[in-house]
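Scroll down for the structure; my scribbles are underneath it.
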Amino acid sequence: MKPKIRICIAEALNRAHEAGALPSSEWPPIEVEAPKIESHGDLSTNIAMVMAKIQKMAPKKIAQILIDHIEDRESIIARTEIAGPGFLNFFIHPEAWLPRLNEIHETGDRYGASEVGKGVRYQVEYVSSNPTGPLHVGHGRGAAVGDSVANILRFCGYDVQKEYYINDSGRQIRTLGLSVMIRYKALLGQEETFPAECYQGDYIIDMAEEIREKHGDSLLSEPEEEAVLTCARYAAEQILKGIESDLADFGVRFDRWFSEQRLYDEGKVEKTLAAMKERGLVYEKEGALWFKTTDYGDEKDRVVVRGNGQTTYFASDIAYHIDKYERGFDRVIDVWGADHHGYIPRMRAAIEASGQKSDEQFHVILVQLVNLLRGGTPAAMSTRAGEFVTLKEVVDEVGRDAARFLFLIRHYESPLDFDLEVAKQQTNDNPVYYVQYVHARISSIIEKGLERGLISTIEWQEDAVRLLVEPEEIGLIKLMVRYPETVEMSAKNLEPHRITYFLMSLATAFHAYYNKHRVLTDDAPLLTAGRLYLVAAVRKVIRNGLSLLGVSAPEKM
RNA sequence: GCCCCCGUAGCUCAGUGGAUAGAGCAAUGGAUUCCUAAUCCAUGUGCCGCAAGUUCGAUUCUUGCCGGGGGCACCA
């Protein structure tokens, strides 16, 4: 509908100019939007105000000239008005919305999909938690956001890869090995003090036990470093398996798991550093190798190789990101926790230095913290190592759908209160069920309609659909017509919560309709067929939106 | 001190230059012999943190200030 009006306006502009009514043939992009207030019409444009200066005319006069030159070939416009400081409002014939229903049915799962991203390769990297412990709730939010953003981009025609970067190298992994080793020794009677920097969780002890079962006490006779390495490898592998399975239970599946260790094994980190040296991007100071990130806007230079010869994580991160672009991705999205924001300038510097346009080709989504609550009071989230609520616990308690939906209910830059009690509630308070309930309700109505033999198939019937005249019915269609642009905005801004909000408002509109009007009526078969066609469309849009969020659409609840 | 995010109704938050700023929760009262009450309807609340600037027009963009959170290692 919006494009049709836009074309009408464009044509009117041309016609008016040719007729000499408008002096200038220059005009800004024509913006058409749905006003917030119903009395302002179905669609509105500010073009008259925006053009006032160029045309050297009063906005209201321009608006009138436009109205005089509009040709409504399809007869979709019921009336127009000039309002406020110069808005041009369009009121659409209610029946002009009806063909949109057909479009929704025809496109179905692809309704709202587009080709705007065609030919552009995106990589979305998210979660990427170190395999040193299980995922916690914060990772869950990052997973939901990253996964949904990737889904939405894919839906908009982008070629998208979902990737998890495994930090399976470096100091943290060694610390992990050491933690397990110490627990292992303790199991064999060699008590040692457990260092504060080691991982405290019980899962470390469990793995030490597994190693003891597997290796007996043989590790004690091995050289310390080798034994620690064995522990580290085993532990990291087990933890990673756990992470993978927790994510699978959460509905998140990656296209690729990328190992940091492999970057080292394949010499890519070394190669990157050599190239940087050659290009004079780095210098030595106090025994360490520094990358001149300040040349690219960072506030201080950063170490890539420490005095002891070890590379920093930054070094491998640079190699990793270069590798991403070498793999042919046009744009790279990293989903990070908000506490990593200080890392952005140096990463941007590295990307800029490697020849990419970091502002266009690199985007970081900083996801804010999750405040885990239980009945309004903070649920155990001690910062003490080893005490945290895991993603698995949350998913087991409230379910995957509720967790995913609620993680996507806020803008990712807004801190999120996640109340376990609310998430479990099967009431109005819980927006997940509110939306899913629409799907279940409609499924039930359709099933009943088929059972009673009121319809045999759901299909476009001109005379049936024409009976959809209630304001709530036209309102539902108008709302659904806005879904594609919601998806588009969601993709453009990388903001999944727009879908969430859309679904909630569509659900509200449907529930209200349902309570006011009956879909199935035995004595009005044609009206029943029309209404079934309408609600079936609603069901498709709900299912479509939920799938972008990674939430299921149940037939029964 | 520097950097990032936030500041909108009692609470939690939508609203990326438009008209009279919205929703949920909480509160009160109502609705179901009938397609799923996990639902709906009614009742009201605002110095959009403050102040300048840009603009025909600012909750939205810029700058400064105030308040809250987070980050500022040869840590990850």
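The values are calculated or read from the model by the stated rules, or taken from the named source; none is laboratory data. A quick note: this is a predicted structure, and the numbers were derived from the prediction, not measured. Methodologically, a virtual Cβ is constructed for each residue, glycine included, from the backbone with ideal geometry; neighbour enumeration extends over all protein chains shown. For the accessible areas, the whole protein counts, side chains as well, though only heavy atoms, and no ligand, DNA or RNA atoms are used. Shrake-Rupley method; radii C 1.70, N 1.55, O 1.52, S 1.80 Å.
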field: Number of the condition not met by A:Ile30 [criteria: (1) β-branched (Val, Ile, Thr); (2) within 20 Å of A:Arg482 (Cβ to Cβ); (3) open to solvent by 50 Å² or more (accessible area, probe 1.4 Å)]
entry: (3)
- line: Taking segment A:430-448 and keeping residues within 22 Å of the chain's Cα centre (by Cα), near RNA strand B (Cβ under 6 Å from one of its atoms) and either surrounded by 19 or more Cβ atoms within 10 Å (Cβ to Cβ) or free of Cβ contacts under 8 Å to residues at least 24 places away in the same chain (or both) leaves A:Tyr433
message: Go through (1) aliphatic (A, V, I, L, M); (2) away from RNA strand B (no atom under 14 Å from the Cβ); (3) buried (at least 21 other Cβ atoms within 10 Å of the Cβ) for A:Ala350 and report which single condition fails.
response: (2)
message: Regarding segment A:182-191, can at least one residue be identified that is open to solvent by 10 Å² or more (accessible area, probe 1.4 Å), within 30 Å of A:Arg404 (Cα to Cα), at pLDDT 90 or above and basic (Lys, Arg)?
response: no
- prompt: Of the conditions (1) within 15 Å of RNA strand B (Cβ to nearest atom); (2) on the phi < 0 side of the Ramachandran plot; (3) not in a strand (DSSP E or B), A:Leu88 fails just one. Which one is it?
  reply: (3)
- line: Reported set for segment A:300-321 where residues are out of contact with any Phe, Trp or Tyr (no Cβ under 6 Å at 6 or more places or on another chain), surrounded by 22 or more Cβ atoms within 10 Å (Cβ to Cβ) and of a type in the set (A, V, I, L, M, F, W, C) is A:Ala315, A:Ile318, A:Ala319
statement: Those residues of segment A:460-498 that are among the polar types (S, T, N, Q), within 16 Å of RNA strand B (Cβ to nearest atom) and in contact (Cβ under 8 Å) with a residue 40 or more places away in the chain come to a total of 2
message: Can you report the number of residues in segment A:205-235 which are more than 18 Å from A:Ser169 (Cα to Cα), of a type in the set (Val, Ile, Thr) and crowded, with 19+ Cβ neighbours inside 10 Å?
response: 1
task: Go through (1) under 21 Å from A:Leu494 (Cβ atoms); (2) touching a residue at least 24 places away in the same chain (Cβ under 8 Å); (3) β-branched (Val, Ile, Thr) one by one and return the number of the condition A:Ile344 breaks.
output: (2)
task: Select, from A:Ala507, A:Ala524, A:Ala512, A:Ala529, the only residue that is open to solvent by 10 Å² or more (accessible area, probe 1.4 Å) and either within 11 Å of RNA strand B (Cβ to nearest atom) or of a type outside the set (A, V, I, L, M, F, W, C) (or both).
output: A:Ala512
message: What's the number of the only condition in (1) more than 8 Å from RNA strand B (Cβ to nearest atom); (2) open to solvent by less than 20 Å² (accessible area, probe 1.4 Å); (3) in contact with a Ser or Thr (Cβ under 9 Å, 6 or more places away or on another chain) that A:Val519 fails to meet?
response: (1)
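Look through A:Thr427, A:Thr457 and report the one residue that is within 15 Å of RNA strand B (Cβ to nearest atom), among the hydroxyl-bearing types (Ser, Thr, Tyr), free of Cβ contacts under 8 Å to residues at least 24 places away in the same chain and out of contact with any Cys (no Cβ under 6 Å at 6 or more places or on another chain).
A:Thr427
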- request: Consider only pairs whose beta carbons are under 8 Å apart and that are at least six residues apart or on different chains; among these, list those whose first residue lies in segment A:519-544 and is over 21 Å from A:Phe502 (Cβ atoms) and whose second residue is open to solvent by less than 10 Å² (accessible area, probe 1.4 Å) and of a type in the set (Asp, Glu).
  value: A:Arg531/A:Glu473
message: Only one of A:Phe388, A:Phe418, A:Phe362, A:Phe405 is buried (at least 19 other Cβ atoms within 10 Å of the Cβ), aromatic (Phe, Trp, Tyr), modelled with pLDDT under 85 and more than 8 Å from RNA strand B (Cβ to nearest atom). Can you tell me which?
response: A:Phe388
task: With the condition kept exactly as written, say whether any residue in segment A:249-260 is surrounded by 13 or more Cβ atoms within 10 Å (Cβ to Cβ) and within 12 Å of RNA strand B (Cβ to nearest atom).
output: yes
Among (1) among the small types (Gly, Ala, Ser); (2) within 8 Å of RNA strand B (Cβ to nearest atom); (3) within 29 Å of A:Phe418 (Cβ to Cβ), the one test that A:Ala288 misses: (3)
- prompt: Out of all the residues in segment A:545-554, is one or more farther than 30 Å from A:Val124 by Cα, within 11 Å of RNA strand B (Cβ to nearest atom) and of a type outside the set (Gly, Ala, Ser)?
  reply: no
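Listed here are the residues, each with its yes/no results for (1) modelled with pLDDT of 90 or more; (2) within 11 Å of RNA strand B (Cβ to nearest atom); (3) in the same structural domain as A:Ala10 (by TED's automatic domain parsing); (4) not in a strand (DSSP E or B).
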position	(1), (2), (3), (4)
A:Ser44	yes, yes, yes, no
A:Leu66	yes, no, yes, yes
A:Glu71	yes, no, yes, yes
A:Ala78	yes, no, yes, no
A:Glu81	yes, yes, yes, no
A:Glu103	yes, no, no, yes
- line: Scanning segment A:113-145 residue by residue, those aliphatic (A, V, I, L, M), closer than 30 Å to A:Ala235 by Cβ and open to solvent by 10 Å² or more (accessible area, probe 1.4 Å) turn out to be A:Val127
- request: Look at A:Ser148 and say whether it is surrounded by 23 or more Cβ atoms within 10 Å (Cβ to Cβ) and among the polar types (S, T, N, Q).
  value: yes
